[in-house]
Amino acid sequence: METIKQTSKSYFMALSVMHLALVGGIVLFGGIMAFLVTNLAVSSEMRGLETTFLYIVCIFFVFGVTSSFLIYRKKVGDLTNQQDLTSKMTGYRGAFIVRLALLESPAFFAIVVAFLTGNLLFLIFAGIIAVYMIYLRPSKETIARDLGLNYDEIAKIQNPEYLIAEITPRN
């Protein structure tokens with residue numbers, strides 16, 4: 001397979017689109033489920049499990065947020081030791097995707113529980129995660145800070161035409 005090189009402009013555009021898609025998925029799915037719960041009759045069979053689901057959602061929420069933070073920090077910490085900017089930026093993309101995936105899971109679970117129980121209060125958990133994910137929006141400044149980039153590397157990622165990352169397609 002041929003490796004695809006990405007310029008700074010295309011790298012940050014792709015990262016932003018991916019981020020928007022993941023946050024948008026939570027918001028859209030939550031909105032659809034809220035509409036269904038408020039406008040359609042939801043089975044009351046699961047209402048008795050609201051307390052149990054509340055504990056499970058809380059545990060899943062704390063685990064998701066904590067693990068996303070710790071795993072992201074570990075992966076990014078490993079990247080700061082690399083000398084090559086391309087390796088750092090390629091690795092950062094993977095770390096960021098893992099971070100968002102670990103946040104997205106409890107959000108989707110809370111949305112499904114809200115639908116199953118008919119209790120829209122569970123959507124608060126998904127909303128908190130969506131707001132947190134919006135806060136984590138990738139920017140050149142935050143990536144430079146997280147990776148501990150030096151002045152020369154920061155200048156390279158500021159240049160829209162500089163090649164900063166590689167994608168190796170998988171079959």
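Filter region 82-98 for residues that are under 12 Å from Pro138 (Cα atoms) and open to solvent by 10 Å² or more (accessible area, probe 1.4 Å) and give the result. Scanning region 82-98 gives Arg93, Ile97.
For residues that are more than 19 Å from the chain's Cα centre (by Cα) and of a type in the set (Ser, Thr, Tyr), scanning just region 31-73, find the one that is modelled with the highest pLDDT.
By that ranking, first place goes to Tyr55.
Counting the residues of region 108-161 that are open to solvent by 10 Å² or more (accessible area, probe 1.4 Å), not hydrophobic (A, V, I, L, M, F, W, C) and not in a helix (DSSP H, G or I) gives 9. Scanning region 149-168 for residues that are out of contact with any Leu (no Cβ under 9 Å at 6 or more places or on another chain) and small (Gly, Ala, Ser) turns up just one, Ala155. Just a yes or no: is a residue in region 44-57 farther than 30 Å from Thr168 by Cβ, in contact (Cβ under 8 Å) with a residue 60 or more places away in the chain, touching an Asp or Glu at 6+ places or on another chain (Cβ under 7 Å) and surrounded by 14 or more Cβ atoms within 10 Å (Cβ to Cβ)? Among the residues of region 44-57, not one is farther than 30 Å from Thr168 by Cβ, in contact (Cβ under 8 Å) with a residue 60 or more places away in the chain, touching an Asp or Glu at 6+ places or on another chain (Cβ under 7 Å) and surrounded by 14 or more Cβ atoms within 10 Å (Cβ to Cβ), which makes the answer no.
The values are calculated or read from the model by the stated rules, or taken from the named source; none is laboratory data. Only a predicted model underlies this, so the values are computations on that prediction, with no experimental measurement involved. Please note: Cβ atoms are built from the backbone with ideal geometry, for glycine as well, and neighbour counts cover all protein chains shown. The accessibility values were calculated without ligands, DNA or RNA, using every heavy atom of the protein model including side chains. Shrake-Rupley method; radii C 1.70, N 1.55, O 1.52, S 1.80 Å.
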